[in-house]
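Here is the structure we will look at.
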Amino acid sequence: MDEIGDAPDPWVARRVLLLALTPLWLLMLHLRWQHRLLEKGGFDPTAQWLERLSQMNPAWLVPVGFVFLAGAYWAARLRWPVPRPRAAPLDKAALAYLAVYLGAYLWMSFWAWTSPLGQQFLYSFWMLAWLRPWRAQLGWKFSKGWLRWVWAGYCLCLGGAVAYAGLVHPPPSSNPAVQLLLHAGLAERVLWMIQICLLTPLVEESWYRSLLSGPAPGRLCFSACLFGFVHADPAGLPQLIWLGLVFARVRWGAGLPAAVLTHALWNLTVFVYLLGA
């Protein structure tokens, strides 16, 4: 005779695993932040472009401000589709993310001899490979009016970043990729551009904006804060959270490809600006 109550509850099992993996993930994140804070005592070449920014004529802020206001105007007019797209179950998505992320952290510890650029490529391919079971939940198609969403999102990214740099005057970024990029040769810079402007948007938009995020305000804020803290960049934390919110709005308004394109355009802007400065 079958006992109905004997079957394991997957809902409970997922939460038990979440409670087990979350402390490990928080410990890993704490170590990353501690490592970055210790690195702040050394020379950081990003101070060069921050100094140059502070010496620029404030008149150049006029076109940037116009772009930001245009983006804000478009963003205020755009509306999410009705009915809203359905998000993946948060407990399943969070469990998958913790397992894959911790797996990457453990797996890549054995590849410490690899160059930082090589590690970035390995990490991206690892995170992308584990998206296959979620391909039905990713929402990989453009929605109607996606180009306006991309334009509005990019303008909000640009305006927010300039406002943060101009009003707050943050210290130089502690992201080691910035330093490596500034000292790289031509061939290596091309590879960095592929990583930063193609693979990174694919990975981060798929995980942080399509699986961990959702059209509900609470989930939007959760995914944006998670996106900011996981970068372990104290100087850029507010800006990263802002970018996470903008990309999430674009994703749920116009689809994952639109969010990837917005993220790629923004990363390309930062990439070109760093090299130019």
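Mind telling me which of W146, W242, W113 comes out most flexible in a GNM of the chain, alpha-carbon contacts under 10 Å?
W113
For the chain, with only Lys/Arg (+1) and Asp/Glu (-1) charged at the beta-carbon, what is the dipole magnitude about the Cα centre, in debye rounded to 20?
Values: 21 positive and 12 negative charges, 186 e Å.
For the chain, the charge dipole is close to 900 debye.
Cα axis of helix 146-168 to longest principal axis of the chain: angle in degrees, 0 to 90, nearest 10?
Roughly 60 degrees, rounded to the nearest 10.
Using a ≥ b ≥ c from the Cα gyration tensor of the chain (square roots of the eigenvalues), is it rounded, prolate or oblate, where a/c under 1.5 gives rounded and otherwise the larger of a/b and b/c decides, a/b for prolate? All intermediate terms of the calculation are to be shown ahead of the outcome.
Details: a/c = 2.01, a/b = 1.31, b/c = 1.53.
Oblate, since a/c reaches 1.5 and b/c is not below a/b.
If r is the Cβ-Cβ distance from A216 to A13 and R0 is 25 Å, what FRET efficiency results, to the nearest 0.05?
Values: r = 25 Å, r/R0 = 0.98.
For R0 = 25 Å, the calculated efficiency reads 0.55.
Each residue of the range 103-109 in turn: what ³J(HN,Hα) in whole Hz from Karplus with 6.51, -1.76, 1.60 and θ = phi - 60°, glycine and Pro shown as x?
Values per residue, Gly and Pro as x: x, 5, 5, 6, 5, 6, 5 Hz.
In debye, nearest 20, what is the charge dipole magnitude of the range 56-143 about its Cα centre with +1 on Lys and Arg Cβ and -1 on Asp and Glu Cβ, if you could check?
Details: 8 positive and 1 negative charges, 99 e Å.
Approximately 480 debye in magnitude.
Where a ≥ b ≥ c are the square roots of the eigenvalues of the C-alpha gyration tensor, would you call the range 139-215 rounded, which needs a/c under 1.5, or, failing that, prolate if a/b is larger than b/c, or oblate? Don't skip to the answer; put the middle values down first.
Details: a/c = 2.01, a/b = 1.30, b/c = 1.54.
In terms of gyration-tensor shape, oblate.
Which of the listed residues, P81, A99, Y208, is farthest toward the dipole's positive end in the chain, when Lys, Arg count +1 and Asp, Glu count -1 at the beta-carbon?
P81
Enter the angle in degrees (range 0 to 90, nearest 10) between the Cα long axis of helix 116-129 and the first principal axis of the Cα atoms of the chain, meaning the one along which they spread out most.
40
Arranged by the count of other C-beta atoms within 10 angstrom, fewest first, what order do Y73, Y105 take? Numbers along the way, then the final one.
Working: Y73 12, Y105 16.
So the residues, fewest neighbours to most, are Y73, Y105.
Of A152, L21, S124, whose Cα points farthest to the positive end of the dipole of the chain (charges on the beta-carbon: +1 Lys, Arg; -1 Asp, Glu; origin at the Cα centre)?
Farthest towards the positive end: A152.
Just so you know, all these numbers are worked out from the coordinates, no wet-lab data involved. Being a predicted model, the structure only gives us computed values, none of them experimental. Backbone-built Cβ (ideal geometry, glycine too); neighbour counts: all protein chains shown.
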